[in-house]
Structures are given as structure tokens and as C-alpha cells.
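K.L.:
For reference, the structure I am asking about is given below.
Where a number appears in this text, it was derived from the coordinates with a stated rule and is not lab data. What you are looking at is a predicted structure, and each value in this text was computed from that prediction instead of being measured. Here Cβ is always computed from backbone atoms with ideal geometry, including for glycine, and neighbour counts include all displayed protein chains.
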Amino acid sequence: MAVVKLSSGYNIGVEKGCCSLLAPAPAPASHMAPVRQDPKLPELSIISTGGTIASRIDYRTGAVTSQFDADDILTAIPALAEIGRYRTNVLYTILSENMTPAIWQELARAIHDEIRHGVTGVIVTHGTDTMAYSAAAVSFMLDTPVPVVFVGSQRSADRPSSDNAMNGVCAALAAESSLGEVAIVMHGTTNDDYCAIHRGTRVRKMHTSRRDAFQSIGIPPVGTIDYASRTVTLSEEAVKRGTHKLALHDKLEPHCALVQFYPGMAPELLSAYEGYKGLVLAGTGLGHVSTALIPGIKKLIAGETQVVMTSQCMHGRVCDRVYDTGRDLLAAGVIEGGDMLPEVALVKQMWVLGNEKDPEKAAAMMATDLKGEYMRRSGHGL
């Protein structure tokens, strides 16, 4: 069986010997003529980190690989030139599973530098698989007076069903809007009708391949962008442009971990985290683990590891005062994570422990809303 890459971007399988194979088509040039930019339009910044939105077919393997840089994105999405003029910065060209806390720090610094330069807004192109982690990390590290918009695509630019152009245009519109916080902008439905603006600390990728994979969790999206009319609508809850003064707090404690509890989990697994500064547990329901794990949790806390409990459930909040196990966890010194998403709690813990060395103050910060990640109340149906 041979795999043939069609001009449409899709693959087909054919039996060997059924047809003659011609020489492979030459790969497209990696750089085309630069896009002409209108100096009268608002200045935006595109910081490229890679991902599918910056990917195309590798004609050597037939697979999708991250190859575009920020200038290539402008060429691939000409409509961007109708919205703004752009500074471009290729920070990394990687798939998002290769992101690290150290790269988050570099990214926050690069965004800070662009805002200091005076741009109207910043667009960060990013792979979708860990984009929510990066958006949360930048949310905590950066106080921003302008929009910082993360955007990606589920399907590469050379596929007929690619979402890169619409997502890119909507991200640019959000970046020049009156938004004043870190957000993710992606398809709101599977159609090409509108994009949703998700708060960077309340969003999760909920599907492996759908174009509307990203959803706000616990709150509605903070805005929408109508693709046809190019109209941005922000909710009352959205942080508005100019609300915060620019500030960078880029310290992170990398020795933190996230562990999901499962039935029958061996207590000795917790010993792998001895010496860590922080541990987030994704427990069941209201925030529980088996009683067999409680001695190990006590040992971690006694060794000055901060332990925060979150829930595997998508909605609702942790409450460890209902059942005996929960009360035992509280007695051991576990911090309730409220309605924080487990991955957001991990990133927040890295930031808190990187900036606050007093254990009591750090615990209080974990139970305090800093960037919209910790809601004091859960609304009906959320």
C-alpha cells in the first residue's frame, strides 16, 4: 500500500503496482513576497511559536509539520493586511507539546516588550494542544492594558477545511478591540460564522479535531467576533482595554506537578513528588482521593510541598467539607482549589510559589481570584 498526497491536502491509499508514481511535486517556497502593509492602520504584533496555524505539508513525509513563520502567516492570510499593520517575531517554531515553563517566561517577556513598544494588541500563534496552559501562564505573569490574543488552528492551511484564515482574522479583530486581557480566539461553531473569545484562565480544548474545540468552562465566552461583518462584541464581564497598567511578573517555580487520581491508585506513587514545591491533585467529584493516599499527602505537606485539590469534573467546585475523606484532606493541610481547572491551578501554583515564599500567604493566594480563574460563586448551569 502506498500513501498519495493529493493537491487538496488529503491522503489516499493505493495498492502498489496499480499506477505509476511520478516524481514528487516540489515543495512550495518557504518565503514569498512580503505583504504590503498600510501605515495608517493600527500596529499589531504577531509572535509566532509554531503549531498547526503555522504548518503545511512536508512533501518529504506527507505529514503536517510546523514550518511557517510570522511573515508567512501574513502571506497565507491576506485579509490580515486589511485590519492592521504588523510587527512579527518568530519566538519558536515548535509543536505545542514541546512547550515548557521556561518558554512561557520567554513568551511573556516578548509580549511585554511588544506592548512597551506601543502596539495596539498582540497576537500569539500557538499549537492548540497546550494553548490553554500557555494562555493561563501569560495571564498570571503579565498585567496588560491591551488585548493579548492566542490563536491556533485545528487543520493546517493547505487543507480545504482549514480554520486558520478565519481564526487569524478574528484574532486580529480582537487584538484591536477594546478587550484588555489575555484570551484565546477560535471557532465558535463548526461553521465559518463566528469566533468565540475565551478568557485565558477559563478555557479548555474539548475535542481532538473539531474546529470549535475550545470552550469556556464555568463562565460564558467574554466575547464573540462575527466573521462576515467583522464585528467584535464583548460581554460586561470582559476586562476592558486600559484597565490595568503594564507589568511583568515572570517568576515561575518549575517544580510543581499535576496528578489525576484514579481508583486503585498506588499510594507509593506520591513519593515521586517528595521534594517538589507544589502538587495539584485532580480528585473525584467534590475533590476526593482514596483514604489510602492521605498518609502520603500528609507526608508531602509535612515536607513543605503545597498540595491543592481540584476536581476532574468540568463544572462545579471543590468542597471537602461534605464527606469524611474531604475533611481528612483538609485536616492534612490540603488547599481547596474552588472551581479552578486542574491545569490552570498547576500554572497558577507555579506562579504563586515563584513569587511568594511565605507558605501561608501562598496558600491564601491559591484560594484568591487573581485573573478570573477562581470564581467565588458558581452560577446555575455552569
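K.L.:
With θ taken as phi - 60° and the coefficients 6.51, -1.76 and 1.60, list the Karplus ³J(HN,Hα) couplings across the stretch 102-112 in order, rounded to whole Hz; mark glycine and proline as x.
P.N.:
Each residue's phi maps through the Karplus curve to give 5, 5, 4, 5, 4, 5, 4, 5, 5, 5, 4 Hz.
K.L.:
Further question on the same structure: How many angstrom lie between the Cα centre of the stretch 84-113 and the Cα centre of the stretch 267-296?
P.N.:
Value for the Cα centre distance between the two parts: 33 Å.
K.L.:
Order these peptides, 274-282, 118-126, by their mean beta-carbon neighbour count within 10 angstrom, highest first.
P.N.:
Numbers: 274-282: 21.0, 118-126: 24.8.
Sorting 274-282, 118-126 by mean packing, highest first, produces 118-126, 274-282.
K.L.:
Can you tell me the convex hull volume per residue for the stretch 91-205, based on C-alpha atoms, in Å³ to the nearest whole number? Present the calculation step by step, with values, prior to reporting the outcome.
P.N.:
Working: hull volume 11.3 nm³, N = 115.
Expressed per residue, the convex hull around the Cα atoms of the stretch 91-205 is 98 Å³.
K.L.:
How long are the semi-axes of the equivalent ellipsoid of the stretch 224-382, taking √(5λ) for every eigenvalue λ of the Cα gyration tensor, in whole Å from largest down? It would help to have the intermediate numbers written out before the result.
P.N.:
Numbers: eigenvalues 198, 78, 37 Å².
One finds semi-axes of 31, 20, 14 Å for the stretch 224-382.
K.L.:
Going by average Cβ density within 10 Å per residue, which order do the peptides 331-342, 78-89, 245-256 take, highest to lowest? Intermediate results must be reported in sequence, preceding the final value.
P.N.:
Values: 331-342: 22.2, 78-89: 17.8, 245-256: 16.2.
Packing proxy ranking, top to bottom: 331-342, 78-89, 245-256.
K.L.:
Restricting to bridges with both residues inside the stretch 236-329, how much of the DSSP beta-bridge set is antiparallel, in percent to the nearest 5? Provide the component values of the computation, followed by the final result.
P.N.:
On the way: 1 of 12 bridges.
Close to 10 percent.
K.L.:
Still on this structure: Restricting to lysines 8 or more places apart or on different chains, can you count the pairs in the stretch 256-366 with Cα atoms under 16 Å from each other?
P.N.:
Values: LYS277/LYS298; LYS277/LYS299; LYS277/LYS348; LYS277/LYS357; LYS277/LYS361; LYS348/LYS357; LYS348/LYS361.
Going through the stretch 256-366 pair by pair, I get 7.
K.L.:
Shifting gears a bit: Compute and list, largest first, the equivalent-ellipsoid semi-axes of the stretch 313-377 from the alpha carbon gyration tensor, each √(5λ) rounded to a whole angstrom. Let's see the in-between values first.
P.N.:
Numbers: eigenvalues 79, 50, 17 Å².
For the stretch 313-377, the semi-axes come out at 20, 16, 9 Å.
K.L.:
Can I get the semi-axes of the stretch 96-137's equivalent ellipsoid? Compute them from the C-alpha gyration tensor as square roots of 5 times the eigenvalues, in angstrom, largest first. Mind showing how you got there, number by number?
P.N.:
On the way: eigenvalues 82, 25, 10 Å².
Three semi-axes, in Å: 20, 11, 7.
K.L.:
So, counting K/R as plus one and D/E as minus one, what does the shell of residues with Cβ under 12 Å around SER178 add up to?
P.N.:
Numbers: positive: LYS240, ARG241; negative: GLU176, GLU181.
That works out to 0.
K.L.:
For a quick check: with amide H placed at 1.01 Å from N, whose amide H comes under 5 Å from ILE335's, ignoring anything fewer than 5 positions away on the same chain?
P.N.:
VAL307, VAL308, MET309
K.L.:
Given the peptides 312-319, 105-112, arrange them by the average over their residues of other C-beta atoms within 10 Å, most packed first. Mind showing how you got there, number by number?
P.N.:
On the way: 312-319: 16.1, 105-112: 20.4.
Descending packing order for the listed peptides: 105-112, 312-319.
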